[in-house]
Every structure is written in structure tokens, then in C-alpha cells.
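The values are calculated or read from the model by the stated rules, or taken from the named source; none is laboratory data. Fair warning: this is a prediction, and the values are worked out from it, not measured in the lab. Neighbour counts run over all protein chains shown; Cβ positions are idealised from the backbone, glycine included. These accessible areas exclude ligands, DNA and RNA; they are computed on the full protein's heavy atoms, side chains included. Shrake-Rupley method; radii C 1.70, N 1.55, O 1.52, S 1.80 Å.
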Amino acid sequence: MTVENPSRTEIGEILKSSKRIAVVGLSTNPDRTSYMVSEAMQNAGYEIIPVNPAAVGEEILGVKAVGSLKDIEGHVDIVNVFRRSEHLLDVAKEAVEIKPDVYWAQLGLQNEEAYDYLKEHGVTTIMDRCIKVEHALTK
């Protein structure tokens, strides 16, 4: 099966109805794309939860980082992933355990095995799209 993203209209609805975004691979470095995109989404009103095992307990964008998705209390609307494509399946398996509404792999990231796994578990999946760009296009 090939990766098939929801339509731009559906993506817009997802972004309008979502509030909490867990960002896997959120860097502590403000010059990194993950930081800039997450900061923009936070400024747009989303709650950002940093997931970075190397920065557990450190504040990123004013929020203490957790080591894994399983360390997050409460429901996560979107798991937004900034990890290389070969890591997407492992993150997908962890994501399925916390039952997010959406699994979102950032621009340039795609993994068919992860996509198939997520679809089998009923998780809406978006790959190779920038959440910040999609937010700007669907406001």
C-alpha cells in the first residue's frame, strides 16, 4: 500500500479540531526546524508537548520534555514526528499505545511500513507534510 494523505480539507478539519500536539524529536536548539515549527504552532494556540529522551526534564518552549509518548498524561490529538524515516515505525508502534487521533510525519519523512501499521490500528496518518505549512494553508 502506498501512503495516501487525507485531503487538504480533511487536514484543515484535523488542525481546527486538535489542541494537543506531542512533538517527537523536538530539539532544544532554536535553530532547528523542529523547534521553529513547534514554536509557530504553539504561537497559533496549540499545546506543545516535547518528546526528547536526551532532554527529559529540560524545558523546550517553556514545557518540560518527556522521554516517550507513554510519559504523557491525558489524550494527545496529534503525534508530530521529527525523526528520520527509518525511525517512523518504532514511533508509530509507541503512538498506537497512546491512541492519538493523528500521526503526522513531517515534510520529507515517509515510511510505508509505519503507514500500514497505523492504518491497521485506525490512526489517521499524514506523511511528508509540514504541519506549519498545512496550518497556514488551511486557516
For this session: Enumerate the pairs (first residue in the range 1-28 and closer than 16 Å to Gln42 by Cβ; second residue anywhere and among the β-branched types (Val, Ile, Thr) and part of a loop (DSSP other than H, G, I, E, B)) with beta-carbon separation below 6 Å, excluding pairs fewer than 6 apart on the same chain, so at least 6 apart or on different chains.
Result: Arg20/Val76; Ala22/Ile72; Ala22/Val76
Seminar exercise, completed: Taking first residues from the range 51-79 that are closer than 16 Å to Val91 by Cβ and among the polar types (S, T, N, Q) and second residues anywhere that are open to solvent by less than 40 Å² (accessible area, probe 1.4 Å) and in a strand (DSSP E or B), the pairs with Cβ under 7 Å that are 6 or more apart or on different chains are Asn52/Ile60; Ser68/Val51
Problem set entry | Residue tally, condition open to solvent by less than 50 Å² (accessible area, probe 1.4 Å) and at pLDDT below 95, over the range 128-139 | 1
Problem set entry | Of residues in the range 1-43 being open to solvent by 50 Å² or more (accessible area, probe 1.4 Å), assigned to a helix (DSSP H, G or I) and not charged (D, E, K, R), the one farthest from Glu120 (Cα to Cα) | Asn43
Problem set entry | Failed criterion for Thr125 (all others in (1) open to solvent by less than 40 Å² (accessible area, probe 1.4 Å); (2) in a helix (DSSP H, G or I) hold) | (2)
For this session: Might you let me know whether the range 45-56 holds any residue that is more than 24 Å from Lys139 (Cα to Cα), surrounded by fewer than 14 Cβ atoms within 10 Å (Cβ to Cβ) and not aromatic (Phe, Trp, Tyr)?
Result: yes
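Anything in the range 57-72 that is acidic (Asp, Glu), loosely packed, with under 13 Cβ neighbours inside 10 Å and not in a strand (DSSP E or B)? List them, or say none. Give the derivation first.
Of the range 57-72, the ones acidic (Asp, Glu) are 58-59, 71.
Filter once more, keeping what is loosely packed, with under 13 Cβ neighbours inside 10 Å: 58-59.
Answer for the range 57-72, where residues must be acidic (Asp, Glu), loosely packed, with under 13 Cβ neighbours inside 10 Å and not in a strand (DSSP E or B): just Glu58.
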Problem set entry | Among (1) over 15 Å from Val24 (Cα atoms); (2) out of contact with any helix residue (DSSP H, G or I) (no Cβ under 7 Å at 6 or more places or on another chain) - the single one Leu118 does not satisfy | (2)
Problem set entry | Tally of residues being out of contact with any Lys or Arg (no Cβ under 7 Å at 6 or more places or on another chain) and open to solvent by 50 Å² or more (accessible area, probe 1.4 Å) across the range 88-110 | 6
